[in-house]
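The values are calculated or read from the model by the stated rules, or taken from the named source; none is laboratory data. This structure is a prediction, so every number in the text was calculated from the model and none was measured. Backbone-built Cβ (ideal geometry, glycine too); neighbour counts: all protein chains shown. Heavy atoms of the whole protein, side chains included, go into the accessibility calculation; ligands, DNA and RNA do not. Shrake-Rupley method; radii C 1.70, N 1.55, O 1.52, S 1.80 Å.
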Amino acid sequence: MIQTLCPEHFDDVISLGNQVHGDGYLDKCSLEALYLKGFSHDINANFVAYQDDQLVGFRLTYAPGTWQVDKWCTPDAWGIELEHVCYFKCNTVAESYRGAGIGGKLLAASIAATKRQGAKAGISHLWKQSPNNSAVKYFTKAGGMLIKEHKDRWNDALEHPDYVCVICGDDCHCTACEMLLIFK
């Protein structure tokens, strides 16, 4: 069921990502860039979940040292050196498969891979407005700690020019919860 993300999965990942998060969330160019950031020491930290030949979930994760801290990050509050922090970019599970543990299995696979890459922790910006705030609840259950809330995180025409939020439309005012997960 859980396997390493490969380019032959891209069309399925783009389709599911745009279905769950909104049109323009992913395209081939953006997914290729995200995918490449998941590699370090020939280890891929990106994973997909298939059931009966259908994509039911995916996790995109940046390896330590492959991503830039931006205005939405608060590294002084993390207590972990940046070179040992991966970035959990996206965890997506098809609606009919939520609650079955797929998100947790995808996270566990990415944690195992990023530990081999040298990570001691991972940071993420979780979508507070996800159905029933499930993103924050799931990450908290996994051990994630809230660092800071960032309003209007995805309302940036330069960073997300074609994004249409499933809640707000093309003027997204959703909140991102910056959360840190320290690995055991």
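What the table below lists for this structure:
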read-out	value
Search result, residues across the stretch 51-65 that are more than 15 Å from His9 (Cα to Cα) and either in a strand (DSSP E or B) or open to solvent by less than 20 Å² (accessible area, probe 1.4 Å) (or both)	Thr61, Tyr62, Ala63, Pro64
Thr140 more than 30 Å from Asp53 (Cα to Cα) and assigned to a helix (DSSP H, G or I)	yes
Members of the stretch 118-161 that are at pLDDT 75 or above and hydroxyl-bearing (Ser, Thr, Tyr)	Ser124, Ser134, Tyr138, Thr140
Members of the stretch 107-127 that are touching a residue at least 12 places away in the same chain (Cβ under 8 Å) and not in a strand (DSSP E or B)	Leu107, Ala109, Ser110, Ile111, Ala113, Thr114, Lys115, Arg116, Gln117, Gly118, Ala119, Lys120
Single unsatisfied condition, Gly104 versus (1) modelled with pLDDT of 95 or more; (2) surrounded by fewer than 17 Cβ atoms within 10 Å (Cβ to Cβ); (3) assigned to a helix (DSSP H, G or I)	(1)
Where a residue in the stretch 21-40 is among the polar types (S, T, N, Q) and its partner, wherever it lies, is open to solvent by 50 Å² or more (accessible area, probe 1.4 Å), with Cβ under 7 Å and at least six apart	Ser40/Gly65
Leu34 vs. criteria open to solvent by less than 60 Å² (accessible area, probe 1.4 Å), outside any helix (DSSP H, G or I) and not polar (S, T, N, Q)	no
Condition broken by Asp42, with the remaining ones in (1) crowded, with 23+ Cβ neighbours inside 10 Å; (2) farther than 22 Å from Arg153 by Cβ; (3) not β-branched (Val, Ile, Thr) satisfied	(1)
Residues located in the stretch 66-78, provided they are among the polar types (S, T, N, Q) and loosely packed, with under 14 Cβ neighbours inside 10 Å	Gln68
Top-ranked residue in the stretch 47-90 [being of a type in the set (Val, Ile, Thr) and more than 19 Å from Gly118 (Cβ to Cβ); ranked as nearest to the chain's Cα centre (by Cα)]	Val48
Filter result for Asp11 (without any contact (Cβ under 8 Å) to a residue 12 or more places away in the chain and assigned to a helix (DSSP H, G or I))	yes
